[in-house]
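The values are calculated or read from the model by the stated rules, or taken from the named source; none is laboratory data. Just so you know, these numbers come straight off a predicted model, no measurement behind them. Cβ placement follows ideal geometry from the backbone for every residue including glycine, while neighbour counts extend to all protein chains displayed. Surface areas here come from the heavy atoms of the whole protein model, side chains and all, with no ligands, DNA or RNA. Shrake-Rupley method; radii C 1.70, N 1.55, O 1.52, S 1.80 Å.
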Amino acid sequence: MPGTGAGPGGGVQSVVRAFRILDVLAEADGELSISELAVAVDLPQPTIHRIVATLRELGHAHQVTNRRYTLGPRLIGLGDRASRVLGVRAGDDLRAVAERFGETANMAVLDGERAVYTAQVPGPHSMRTFTEVGRRVPLHSTGVGKALLAQLPAPAARRLLGSAGLPAATDHTVVDPDRLLDELDRIRRAGFAVDAEEQEVGVFCVAVPLAGVSSPAALSVSGPIHRFGHDRVPEAAALLRAAAEGIGGTLA
């Protein structure tokens, strides 16, 4: 059959092409035509049309009324299950972070214009931060959100911030896109992000990127600022990086 030769890394060519198309649709965050997909993936339009037709049949692509295409609804369930599996794998490492600091440890992934929490280990204190798994939060005002944004190329981060907006959650929220982009540069160099009461007054958070996964993910630890603040940043960042390396090792 045509299109079944080896692709990059020895993969089946048609499978590689299908996933390239899905990646392009995901990055577009909107609708694309067959001709636009052909340009983005650098393949002939008839080839794109055949692959997209198969993706439609499987529910992984959806055709809208103007003959343009978006990601299909079947991917939602696959993404949810993948996030849960990743969260289970992260459990032990998050637990070690929560036990060391006595504060809540979280994992989040990038989901469109938001961060979504996929795993959590609460701290032992009765007064603690709490974010339920599945909650979607802004990117610009949270530690995990900024750690996710920092994994994107600067132009992509700017576009995402432009479409999502930068509403002020507290008086400490950064609402100037240029200032936030400068902060993302610092996060890339330092390897960690901080949310100092930017999403919620009285709450401090340290977050690091999680490498080795197919889409941006991050780990964080957060707690009341009177108990967990700037003086804990170096230790928290180091422990979170170790946890991220441990989780990444299970995915290799």
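Computed values, structure above
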read-out: Any hit, segment 146-159, residues being open to solvent by 60 Å² or more (accessible area, probe 1.4 Å), under 15 Å from residue 240 (Cα atoms) and either part of a loop (DSSP other than H, G, I, E, B) or aromatic (Phe, Trp, Tyr) (or both); value: no
read-out: Extreme residue, most open to solvent (accessible area, probe 1.4 Å), among residues of segment 222-246 that are in a helix (DSSP H, G or I) and of a type in the set (Lys, Arg); value: 241
read-out: All positions within segment 139-172 that are closer than 14 Å to residue 217 by Cα and not hydrophobic (A, V, I, L, M, F, W, C); value: 142, 143, 145, 146, 151
read-out: Tally of residues being hydroxyl-bearing (Ser, Thr, Tyr) and over 11 Å from residue 25 (Cα atoms) across segment 58-72; value: 1
read-out: Within segment 20-43, considering residues that are surrounded by fewer than 15 Cβ atoms within 10 Å (Cβ to Cβ), charged (D, E, K, R) and within 21 Å of residue 215 (Cα to Cα), the one modelled with the highest pLDDT; value: 23
read-out: Residue in segment 193-210 that is surrounded by fewer than 16 Cβ atoms within 10 Å (Cβ to Cβ) and either part of a helix (DSSP H, G or I) or under 15 Å from the mean Cα position of the chain (by Cα) (or both) present; value: no
